[in-house]
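See structure below.
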Amino acid sequence: MNTKNKYPLVSVIIPHYNGMDILSECLDSISKSTYSNIEIIVVDNNSADDSVQQLKEKYPSIKLLESAENLGFAGGCNLGVSHSSGKYCVILNNDTIHQPNWIEPLVEMMESDDNISSVQPKILNYYNHDKFDYAGGSGGFMDYLVFPFARGRIFDTVETDNGQYDDAREIFWASGTAFITRTEIFQNIGGFDEDLFAHFEEIDYHWKCHLMGYNVWVQPKSVIYHKCGATLSDTSSFKTYLNHRNSILLLLTNYSGWRGFWLSIPRMALEGISFLKELFTGRFSHAFAHVRAKSWLVFHPQIILKRRKLVNSLRKLTDEELKKKLYQKSVVLDYFLRKRKSLCQNFHKYSD
């Protein structure tokens, strides 16, 4: 299929740090894509191995950007987009492989509606193709206290893919594992917030997209497979630190007025329970990660103020107008106390 004349240029942005075997599998998979009008940009975040040398030798056709420092996922993506030429950018993890026709459905949906900022593919587990991937499933949602979940995954419950989420529909956030977005919107927003470094940057980005009046969708006709945790393991206390710090930072800055500060009260109560759980189960480094996360927030008020100023400058929708896109109950209480393991089966009722 000759897509070069039919579809616009797509820039595939892949931030990378060490692990050339993982990246090679990803690049080899992309080379089999039936969408030919693409450019591949790999941002090397100052890898300590021989990734740069191997990339130059084995993949001379890609655009390689070498950073002098580790910019994290957020900074790496921003650098890549700043050097891109495509109408659309695909943000992509280096630990993914893809069905050959994965790009076409994403572009077709973007082309169908100028009010769509981003589209996510269906993300399945690399090691078990029958299971959804932890990082995004078939489209992400979020409760009002900024706890994310996805179609096919809520906390540690990951569903088998039986086609139950094969419908294209509007979602709240598209997974940073893989999504396509309009380059112009990404640049207008200022890209990912590099203060986040990694984790929650895609939720933050798409929250801003919603506030600007755009919509975010999932298109399950596009399918990729992800090695969840290949870059940063779930056992990493640094991952715990980033997740909790960044989630609360979004709560304090992406709501308008005092709403985020009032909502931080019940959120901090749940944070306290999580801290005690880590402490009493002997995961001391993870308990300390909670302390580090809250300490960082206390000692960085300038970042909170900077983020609030940016969000307010982008805002076109009020929190009340955006309310219908958020889960208006606590996903934590629904999951752990009410034992609801699949909130997304009838998601048209989720805010009732």
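General remarks:
- Distance violations [Cα-Cα > 31 Å] among 63/306; 32/324; 122/324: 63/306; 32/324
- Taking the chain and dividing mean pair separation by its residue count, relative contact order in percent (alpha carbons under 8 Å, at least six apart): 18
- Contact order relative to length of region 98-253, as percent, for alpha carbon pairs under 8 angstrom and 6 or more apart: 33
- Straight-distance crosslink candidates among aspartates and glutamates, where the alpha carbon sits under 17 Å from residue 58 and sequence neighbours closer than 8 are dropped: 21, 25, 28, 39, 44, 49, 50, 66
- Computed over region 235-316: relative contact order in percent, which uses C-alpha pairs under 8 Å that are six or more apart: 43
- Rounded to 10°, Cα long-axis angle of helix 259-280 versus longest principal axis of the chain: 90
- 3J(HN,Hα) along region 200-207, derived from phi through the Karplus expression 6.51 cos²θ - 1.76 cosθ + 1.60 where θ = phi - 60°, amounts to 6, 5, 6, 5, 4, 4, 6, 4 Hz, with x in place of Gly and Pro.
- Bridges between two residues of the chain, per DSSP, are antiparallel at a rate of about 45%.
- Theoretical ellipticity at 222 nm over the chain - DSSP helices of four or more residues, -39500 (n - 2.57) apiece, nearest 500: -12000 deg cm²/dmol
- For the peptides 125-136, 176-187, residues were scored by their other Cβ atoms within 10 Å and the scores averaged per peptide; the highest-first order is 176-187, 125-136.
- Acute angle (nearest 10 degrees) that the helix 301-314 long axis makes with the longest principal axis of the chain, alpha-carbon atoms: 70
- Equivalent ellipsoid semi-axes, region 10-226, via Cα gyration tensor eigenvalues times 5, rooted, Å: 25, 19, 17
- Crossing angle, helix 237-254 versus the chain [Cα axis fit, 0-90 degrees, rounded to tens]: 80
- Computed from backbone phi with θ = phi - 60° and the Karplus coefficients 6.51, -1.76 and 1.60, the 3J(HN,Hα) list for region 114-121 is 5, 8, 8, 8, 8, 9, 9, x Hz; x is used for glycine and proline.
- Within the listed set 333, 249, 145, the residue fluctuating most in the Gaussian network model of the chain (springs between alpha-carbon atoms under 10 angstrom) is 333.
- Förster radius 22 Å - calculated FRET efficiency between residue 337 and residue 268 (Cβ-Cβ, nearest 0.05): 0.75
Taken together, the values in this text are just the output of simple stated rules run on the coordinates, not laboratory data. Small disclaimer: the values here were computed from a predicted structure and weren't measured. For neighbour counting, all protein chains shown are included, and Cβ atoms are generated from backbone atoms with ideal geometry for every residue, glycine included.
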